[in-house]
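Participant: Here's a structure for you.
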Amino acid sequence: MTYMRFTASYRGHRFPDEVQPMAINAFRTALEIDPANTRAMGMLGWLLAMQEFKWKDGVALMKKSVALNPNDGLVQALYGWLLFHTGQPEAVSVIEKAYRLDPLDPDVIFIKSALLTWLGQRLDAMTLQATLLLHDQEGYRSNVLVALAFAYNRPILAEERLVRARKVAGANEPFIKLLETMIALGRGDTKRFEELRAEVFDLAQHTPLQFLGNIPWTKDQIVDIWNIRVNHRQVDLLVGIFRQKPRLMSEADWNRIKILTRRDEADIGRGVFAALERTADEQEILRSLAKQPSEKHRQMYVGLYKDEQSGRTARLEWNNSELIVHYPESDITRRLIPQGDHQFKRLDLKQTFEFEVVDDQVTQFVRDFDFALLV
């Protein structure tokens, strides 16, 4: 466990690939001494997946661990996180159970918070992550993790956390630099963001840095960043490897990375998002039940807005009866069907967009998945 902690300190002590093999050997030795040690069993399964890309073996060993000991919150949480990113529908219930078992464990809190973020409940995720401060107001780890959760959405609050983290680690700590980069983007300070992104890119070449995937990289940078994440077995590699090809990456580079990570050897399910996908029939019904706003309200939505939950800029415009949300930074488009003056349903997923209106002006919008479908 100590070897593993070297990779999860957010202080850049060791690259994961330096110490995870030693952790694997230690867990294997522990199991030789005590074959019923479910913590060693579960953590070995996690590392087989993350270090050796033995996805099926890792999942099987973790499944055995939680079956023998259903009360280990940490193993449950890591198991659920692996299930989530490999697209297994039981992932949410496993993570929910882990949180009920150990709601004070920082790793369990982080995984539950990350799950909420992925499901579109970012405000709930930030609130949950902030509970780390209940027991550790001044600690480095608690403050940088809260800053990570707040960086894009509440950059001012994130910066307050970094003030405390700098007192512990100093202003030049690499992970703090990464968080400053995210905060600059959250503030909309493009110039500062680009300067910091270049600095973090240089740091990443020789310094252990987690959550490199949280930064939107340029076309010239993205392959190098992915190579670093793969070669050094960065933990956040799990977040992206089972998803679609990164938009700025070539098919050849993506295929090479999939081969290196043995991605297609994993059991990749439809994912928890499958429960939220609208079928073609459901989309047609949604269109037929659309409640078009008045012309006054239609014009109210058109323009550029700051997405409060992701921190990104969004351009809104009408295309006949649909409201189109376009994110220029990522070239992603969402099609929304009106349900009245200020509420819309997303066409492809069961997701609701709520717009806030002040003095006949749309000030922001928030969105939520129908989370009840997943638990």
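The values are calculated or read from the model by the stated rules, or taken from the named source; none is laboratory data. None of these values were measured; they are calculated from a predicted model. Positions of Cβ are backbone-derived with ideal geometry, glycine not excepted, and every protein chain shown enters the neighbour counts. All accessible areas refer to the heavy atoms of the entire protein, side chains included, with ligands and DNA or RNA removed. Shrake-Rupley method; radii C 1.70, N 1.55, O 1.52, S 1.80 Å.
Participant: Could you please state how large a percent of the accessible area of the chain is carbon and sulfur, counting protein chains only and using a 1.4 Å probe?
Facilitator: Roughly 51 percent of what the probe reaches on the chain is carbon or sulfur.
Participant: Take every DSSP beta bridge with both residues inside the chain and express the antiparallel ones as a percent of the total, to the nearest 5.
Facilitator: The antiparallel proportion sits near 95 percent.
Participant: In addition: Could you tell me how far the Cα centroid of region 120-181 sits from the Cα centroid of region 1-77, in Å?
Facilitator: One Cα centre to the other: 27 Å.
Participant: Subtract the Cα-Cα distance of Arg335 and Glu160 from 0.36 nm times their separation in residues, and report this length gain in nm to one decimal.
Facilitator: Net length gain for the segment: 59.4 nm.
Participant: Suppose every K and R has +1 on its Cβ and every D and E has -1 on its Cβ; what is the size of the dipole of region 98-153 about the Cα centre, in Debye to the nearest 20?
Facilitator: For region 98-153, the charge dipole is close to 180 debye.
Participant: With respect to the cross-link table entries Lys112/Lys258; Lys97/Lys258; Lys219/Lys245; Lys291/Lys345, which display a Cα-Cα separation exceeding 20 Å?
Facilitator: Cα-Cα > 20 Å for Lys112/Lys258; Lys97/Lys258; rest within.
Participant: Then there is this: How much accessible area per residue does the chain have, counting only protein heavy atoms and a probe of 1.4 Å, in square angstrom?
Facilitator: Using a 1.4 Å probe on heavy atoms only, each residue of the chain averages 46 Å².
Participant: Something else about it: What ³J(HN,Hα) values, in whole Hz, does the Karplus curve 6.51 cos²θ - 1.76 cosθ + 1.60 give for region 187-200 when θ = phi - 60°, with x put for Gly and Pro?
Facilitator: 7, x, 8, 4, 4, 5, 4, 5, 5, 5, 4, 4, 5, 5
Participant: Would you mind calculating the relative contact order of the chain from Cα pairs under 8 angstrom and at least 6 residues apart, reporting the percent as a whole number?
Facilitator: Worked out over the chain, it gives 14 percent.
Participant: Suppose only helical runs count, i.e. DSSP H with n ≥ 4. What mean residue ellipticity at 222 nm does that imply for the chain under -39500 (n - 2.57) per run, divided by all residues and rounded to the nearest 500 deg cm²/dmol?
Facilitator: Value at 222 nm, helices only: -16000 deg cm²/dmol.
Participant: Tell me, what is the FRET efficiency for Asp189 and Lys350 to the nearest 0.05, using R0 = 51 angstrom and their Cβ-Cβ distance as r?
Facilitator: My answer for the efficiency is 0.90.
Participant: Another question about this same structure. Which whole-Hz ³J(HN,Hα) couplings does region 166-183 yield from phi under the Karplus relation 6.51 cos²θ - 1.76 cosθ + 1.60, θ = phi - 60°, glycine and proline marked x?
Facilitator: 5, 5, 8, 10, x, 6, 9, 4, x, 5, 5, 4, 4, 5, 4, 5, 5, 5
Participant: Which ³J(HN,Hα) values, rounded to whole Hz and listed in residue order, are derived for region 337-342 from phi using the Karplus coefficients 6.51, -1.76 and 1.60 in 6.51 cos²θ - 1.76 cosθ + 1.60 with θ = phi - 60°, glycine and proline given as x?
Facilitator: With the stated coefficients, region 337-342 comes to 10, x, 10, x, 6, 10 Hz.
Participant: About its Cα centre, how strong a charge dipole does region 44-181 have in debye, to the nearest 20, once Lys and Arg get +1 and Asp and Glu get -1 at the Cβ?
Facilitator: That gives region 44-181 a dipole magnitude of about 140 debye.
Participant: Projected onto the charge dipole of the chain (+1 at Lys/Arg Cβ, -1 at Asp/Glu Cβ, origin at the Cα centre), which of Phe150, Leu116, Trp81 gives the Cα projection farthest towards the positive end?
Facilitator: Farthest towards the positive pole: Trp81.
Participant: Here is a follow-up. In the chain, if the dipole is taken from +1 on Lys/Arg beta carbons and -1 on Asp/Glu beta carbons about the Cα centre, which of His297, Phe211, Gly340 is farthest to the positive end?
Facilitator: Farthest towards the positive end: Phe211.
Participant: Can I ask one more? How large is the charge dipole for region 72-131, taken about the Cα centre, if only the Cβ atoms of Lys, Arg (+1) and Asp, Glu (-1) carry charge, to the nearest 20 debye?
Facilitator: Computed charge dipole of region 72-131: roughly 160 debye.
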